[in-house]
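Input: a single structure, listed below in structure tokens.
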Amino acid sequence: MSETIDKVMVITAHPDDSEFGAGGTVARMVKDGREVSYVIATNGNKGSGDRTMTPERLAQIRAEEQRNAARALGVARVHFLGYPDCELEDTRAFRLDITREIRRWRPDLVITMSPHRTYNLYASHRDHRIVAGAALDCIYPLARDHMSFPELMPEHEPHKVREIYVMQWENPHLVVDITDVMDLKLKALACHVSQVGDFAGVEARIRERAAEIGRPNGYAYAESFDRITMPR
């Protein structure tokens with residue numbers, strides 16, 4: 001990662017996506033002195049098999065779980081856009097919301113999800129693909145160009161993001177060593193009690209996957225991304 005990266009924004013669909021896909025990388029960046037912000041698109045109000053749960057109560061639970069997880073990693077702030085879970089659409093209003101946050105917090109690096117379907121069902125969730133596509137469009141050109149979303153001016157001036165990390169499960173361009181922060185990733189994931197249930201089983205799968213990613217590079221644990229360097 002470039003030494004000029006001071007601010008990082010993670011844009012994901014649901015509470016817990018940031019930790020599953022990039023929790024170790026976030027912990028590593030915070031440890032290295034970088035400021036990290038989260039933008040969470042949905043309220044996660046559908047993610048439960050409990051027949052006694054209500055969407056309203058679940059949204060509150062998941063917001064608190066996300067704040068706790070972010071705190072465990074040292075994330076500076078969490079902003080919830082509040083869209084309904086499983087119903088994201090790539091609308092002008094959604095793109096404006098993401099653009100506003102990019103311009104507000106002015107990240108050098110944005111980490112987001114993959115806009116493509118893959119063999120991995122988790123990665124292929126429709127909300128994941130939609131938030132990724134919208135985030136990429138907002139980074140370039142919408143957040144950059146002053147005539148895009150003129151209603152955001154003058155409070156939120158245009159901003160150029162320098163790099164993008166796209167969470168990638170297959171043939172990644174970039175593998176990040178998270179060995180010394182793996183325990184922090186797991187601590188953050190354990191905060192999502194409504195989602196992980198028996199965390200021992202989840203922890204075993206997370207460790208196995210992170211070890212698989214890291215093995216070709218000699219890392220005990222790693223996370224993987226495609227890296228896009230934006231033109232100046």
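Output the residue which, of all residues in region 106-124 that are more than 14 Å from the chain's Cα centre (by Cα) and more than 23 Å from residue 28 (Cα to Cα), is modelled with the lowest pLDDT.
Here the answer is 121.
Out of all the residues in region 200-217, which are of a type in the set (A, V, I, L, M, F, W, C) and touching a residue at least 12 places away in the same chain (Cβ under 8 Å)?
Answer for region 200-217, where residues must be of a type in the set (A, V, I, L, M, F, W, C) and touching a residue at least 12 places away in the same chain (Cβ under 8 Å): 202, 206, 210, 213.
With 34, 67 as the choices, which residue is over 22 Å from residue 179 (Cβ atoms) and at pLDDT 95 or above?
67
Has region 95-109 got any residue that is among the polar types (S, T, N, Q) and touching a Ser or Thr at 6+ places or on another chain (Cβ under 9 Å)?
Yes, the conditions are met somewhere in region 95-109.
Taking the criterion of being basic (Lys, Arg) and within 30 Å of residue 96 (Cα to Cα), would at least one residue in region 180-187 satisfy it?
Within region 180-187, not a single residue is basic (Lys, Arg) and within 30 Å of residue 96 (Cα to Cα).
Condition first: of a type in the set (S, T, N, Q) and under 25 Å from residue 116 (Cα atoms). Now tell me which residues in region 158-193 satisfy that.
Correct list: 168, 171.
Among the residues that make up region 198-213, is at least one of them aliphatic (A, V, I, L, M), touching a helix residue (DSSP H, G or I) at 6+ places or on another chain (Cβ under 6 Å) and at pLDDT 95 or above?
no
Pairs please, first residue from region 218-232 and over 19 Å from residue 27 (Cβ atoms), second anywhere and in a loop (DSSP other than H, G, I, E, B), Cβ atoms under 7 Å, 6+ apart in sequence or on different chains.
So the pair list comes out as 226/168; 226/172; 226/173; 230/160; 230/161; 230/162.
Tell me, which residue of region 3-55 that is in contact (Cβ under 8 Å) with a residue 40 or more places away in the chain and of a type in the set (Asp, Glu) is farthest from residue 94 (Cα to Cα)?
6
Within region 41-72, work out how many residues are within 13 Å of the chain's Cα centre (by Cα) and under 14 Å from residue 19 (Cβ atoms).
3
The values are calculated or read from the model by the stated rules, or taken from the named source; none is laboratory data. Not measured: the values here are computed from a predicted model. As a convention, Cβ positions derive from the backbone with ideal geometry for all residues, glycine included, and neighbour counts pool all protein chains shown.
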